[in-house]
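The values are calculated or read from the model by the stated rules, or taken from the named source; none is laboratory data. The structure displayed is predicted, hence computed values, not measured ones. Here the Cβ positions follow ideal geometry from the backbone for every residue, glycine too, while neighbour counts run over all protein chains shown. Only protein heavy atoms, including side chains, enter the accessible area calculation; ligands, DNA and RNA are left aside. Shrake-Rupley method; radii C 1.70, N 1.55, O 1.52, S 1.80 Å.
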Amino acid sequence: MKPKIVVFASGSGSNFKAIAEAIHNQTLDAQIVGLIYNRPEIGALKIAKNFGIPTYYLNDKDFPNYEEYELRLLNILKTLKPDLIALAGYLRKIPKSVTNQYTNQILNIHPSLLPKYGGAGYYGIKVHEAVIQNDEKESGCTVHLVNEAYDEGAIIEQVKVPVMADDTPEILAKRVLKEEHQLYPKVIKNYLTQILKKS
Ligand code: GRF
C-alpha cells in the first residue's frame, strides 16, 4: 500500500500539481487520497479532477458553529487515513483538534525564509512585497511542520533565491514558486520515508 497524502488548498494549486506530478512521474512513491478545499472554483479543483483525486469542499462558515466544522473535518480525515497532510496554499488555520491528532504529520510550504515574513498577515504577494520593501538581498521558501500557531512549526528545509534590485513582488513570487515546486515533493518524499520508518 502506498503512503497516503491528503492535500489542503485554497488557490491555484500549483504546489498541489507539483506533488501530483511527482507521483505521476514516479519520483514520489505515494498516493493523494483527497483534496480538501475551502473556496469554490479554485484552480486546485481542476487539477484534482485532471488527476482523478477525490475532492472535499469544507468551509467553516457553512457550519452552525466551529465545533461542527471541526468534527466534519476530523471525520473526513478519519475516513481518508492520511500518513501525511500537505498544506499547499491553504489560507485557513488548521483547527487545534486536527494539529493535536496529526502531530508531526502536517507539512506546509511558505514563500519566505521563515522565521522571517511568517505569521498572521504574511501570505501570498504580501510576503514578497515586504521582502522587497525591506531591501532584503535574498528570499526563498520553507517547508515546515504545522502546529497550532501560524508558520511556527519546526523548519524542515529551505531554499534560497536572490532578490534582484529591479524585482517586483510578482517577479520575485515567480522565482520563489519555481523553487517551491522542486522543494515540496522532495521534502514530502524524504519526510514520508522518515515517518514510515518510525511507525
Ligand atoms: C505558495 O506560494 C505557497 O508557498 C503559499 O501559498 C502559495 C500557494 O500557491 N503557502 P499554489 O496555490 O500552490 O499555486
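Spot the failing condition for THR168; the list is (1) at pLDDT below 95; (2) farther than 27 Å from PRO40 by Cβ, and only one is missed. Failed condition: (1). The condition of being touching a Ser or Thr at 6+ places or on another chain (Cβ under 8 Å) and farther than 13 Å from ILE109 by Cα holds for only one of LYS174, LYS160, LYS197, LYS137, that being LYS160. Condition test on ILE156, is it outside any loop (DSSP other than H, G, I, E, B), touching a residue at least 12 places away in the same chain (Cβ under 8 Å), open to solvent by less than 20 Å² (accessible area, probe 1.4 Å) and not hydroxyl-bearing (Ser, Thr, Tyr)? Spelling it out, it is not the case that ILE156 is outside any loop (DSSP other than H, G, I, E, B), touching a residue at least 12 places away in the same chain (Cβ under 8 Å), open to solvent by less than 20 Å² (accessible area, probe 1.4 Å) and not hydroxyl-bearing (Ser, Thr, Tyr). Within the range 154-176, if we keep just the residues that are over 20 Å from LEU91 (Cβ atoms) and within 15 Å of the chain's Cα centre (by Cα), the residue that is farthest from the ligand (Cβ to nearest atom) turns out to be ALA154.
Considering only residues in the range 123-153 that are part of a strand (DSSP E or B) and surrounded by fewer than 18 Cβ atoms within 10 Å (Cβ to Cβ), the one that is nearest to the chain's Cα centre (by Cα) turns out to be LEU145. Quickly run through the range 162-185 and pick out the residues that are among the acidic types (Asp, Glu) and surrounded by fewer than 20 Cβ atoms within 10 Å (Cβ to Cβ). Listed by number, the residues that qualify are ASP166, ASP167, GLU170, GLU179.
Counting the residues of the range 1-28 that are charged (D, E, K, R) and within 10 Å of the ligand (Cβ to nearest atom) gives 1. Select from the range 81-111 the residues that are among the hydrophobic types (A, V, I, L, M, F, W, C) and open to solvent by 20 Å² or more (accessible area, probe 1.4 Å) and list them in ascending order. Across the range 81-111, the qualifying residue is only LEU91.
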